[in-house]
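For reference, the structure discussed in these notes is given below.
The values are calculated or read from the model by the stated rules, or taken from the named source; none is laboratory data. As the structure is a computational prediction, the values presented were derived from the model and not from experiment. With ideal geometry, Cβ positions are generated from the backbone for all residues, glycine too; neighbour counts draw on all protein chains shown. Each accessible area value is taken on the protein alone, full model and side chains, heavy atoms only, with ligands, DNA and RNA left out. Shrake-Rupley method; radii C 1.70, N 1.55, O 1.52, S 1.80 Å.
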Amino acid sequence: MIVDPGVMEIFPILDFAVLSPKASGVFMLSAPPPDWFLPLVAGSLDDASLVNAFPFLDSFLPEARDFWTLPGAGTLHSGAWVQRDASRSESAFEATALRTGNGNYLLLEMLGVRFEQRRSALQHARSRGLEKEALERRNREMERLSRMTSDFLAAMSHELRTPLNAILGFSTLLAQGKGGPLSERQQHFVGQVHQAADHLLALINDLLDLSRMEAGRMQLHPEAFTLGEGLQEALSALVPLALERKVALQSDAAALSLPVYADRTRFKQILHNLLSNSLKFTPEGGSVSISAHLDDPWIEITISDTGVGIAEEAQSLIFEKFYQVPRSRGDFLEGTGLGLPIAKKLVEQHGGKLSVRSRLGSGSSFTFTLPSGIFNSGPL
């Protein structure tokens, strides 16, 4: 089996099988496979042998081949699949079709800890004597419900944005006196309406982005720019919040000229989500700083704050959807609980990683990597 040496730069730590599609339904191993892969696949790496080892690929591979013909970078997920071997022991797998500037890939992963909750649910089915057909039906139903949820969120988000934009537009006109002079009390009420509608629109936009990413429908349009250019666009919307909270925003001047190769709009969204999160949890008189350095072919960007910090037990939860870190009194700060999960997914769509280091009472540092603009061009 041939191993493609170039892919090792893309997948430095592999816990899944990485294959690249060739002509006539043949695949080539693009990196050394994990221990579990080769014993399952007999003979040559083609559609027939893969489907024999992983039956769920029978329906996924045709979708993947259509997906690989599309332009730009992207991912397509099969969803988790449970199957039994000859000894009736269960294993769970997931396939991902990947489009990058370096080629197309099929990733096969054996699910471990993440699958334990579903495994527990299947214990009840086994106790009632349900066999392979029931397990397959359960898998198909869970995948169908997941798609329906994403489609529903996308549709509802779109339908709700239209009336909300009208509310925001007319409340702005009222505040400007276009409908006639307002008393101070009326001005206050109009301001409250505008603020609430703006908050709800932000939540809907977050839900729409999240549903697109989970359905594999978000397309990236990468371009080259400097960190300073992207940072300036993100800070323009956050300076008023920093001034209101009396928190200093600082950046490393030497880092501003470093090159970035990413979707500019999504890069601004990543920065906005991370910076606004740091500002929200940093008390008056504190500071939020941005630093970066090149680690080719990546740029590593760190956002640090002198805020309240995150308890160790909460650090594994902050990237979960809708999770919000409670204050010491048990109440919660305003927010949707989607900013950090969306930032993490956007970073991962660019091929990078997002991590956090924090101690309670000593601030937090969020570090993420993206392709640098030195050697990158074309689709991600």
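Ser278 - would you say it is touching a residue at least 60 places away in the same chain (Cβ under 8 Å), out of contact with any Pro (no Cβ under 8 Å at 6 or more places or on another chain) and not aliphatic (A, V, I, L, M)? For Ser278, the condition - touching a residue at least 60 places away in the same chain (Cβ under 8 Å), out of contact with any Pro (no Cβ under 8 Å at 6 or more places or on another chain) and not aliphatic (A, V, I, L, M) - is met.
Just one of the listed residues (Ala64, Ala86) is closer than 23 Å to Leu38 by Cα and either within 20 Å of the chain's Cα centre (by Cα) or not in a loop (DSSP other than H, G, I, E, B) (or both), and it is Ala64. Against the test of being small (Gly, Ala, Ser), in contact with a Ser or Thr (Cβ under 6 Å, 6 or more places away or on another chain) and crowded, with 20+ Cβ neighbours inside 10 Å, the options Gly286, Gly307 yield a single qualifying residue, Gly307.
When each of Thr149, Thr162 is tested for being of a type outside the set (Asp, Glu) and at pLDDT 75 or above, the lone residue that passes is Thr162.
Every residue, every condition in (1) surrounded by 18 or more Cβ atoms within 10 Å (Cβ to Cβ); (2) modelled with pLDDT of 90 or more; (3) within 19 Å of Gly363 (Cβ to Cβ); (4) not aliphatic (A, V, I, L, M), yes or no:
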residue	(1), (2), (3), (4)
Gln232	no, no, no, yes
Arg266	yes, yes, no, yes
Ile270	yes, yes, no, no
Glu313	no, no, yes, yes
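The criterion of at least 3 residues that are without any contact (Cβ under 8 Å) to a residue 12 or more places away in the chain is met, among helices (runs of 4 or more DSSP H) falling completely within segment 175-258, by 184-214, 239-245. Among the residues of segment 205-218, count how many are open to solvent by less than 10 Å² (accessible area, probe 1.4 Å) and among the charged types (D, E, K, R). Qualifying residue count, segment 205-218: 0. On the basis of being under 19 Å from the mean Cα position of the chain (by Cα), open to solvent by 30 Å² or more (accessible area, probe 1.4 Å) and farther than 27 Å from Gln315 by Cα, does His221 make the cut? So His221 passes the test.
When segment 233-251 is filtered for residues that are closer than 25 Å to Ile299 by Cα and either aliphatic (A, V, I, L, M) or under 23 Å from the mean Cα position of the chain (by Cα) (or both), the ones remaining, listed by number, are Glu233, Ala234, Leu235, Ala237, Leu238, Val239, Ala248, Leu249. Within segment 54-65, the set of residues being in contact with a strand residue (DSSP E or B) (Cβ under 9 Å, 6 or more places away or on another chain) and surrounded by fewer than 17 Cβ atoms within 10 Å (Cβ to Cβ) comprises Pro55, Glu63, Arg65.
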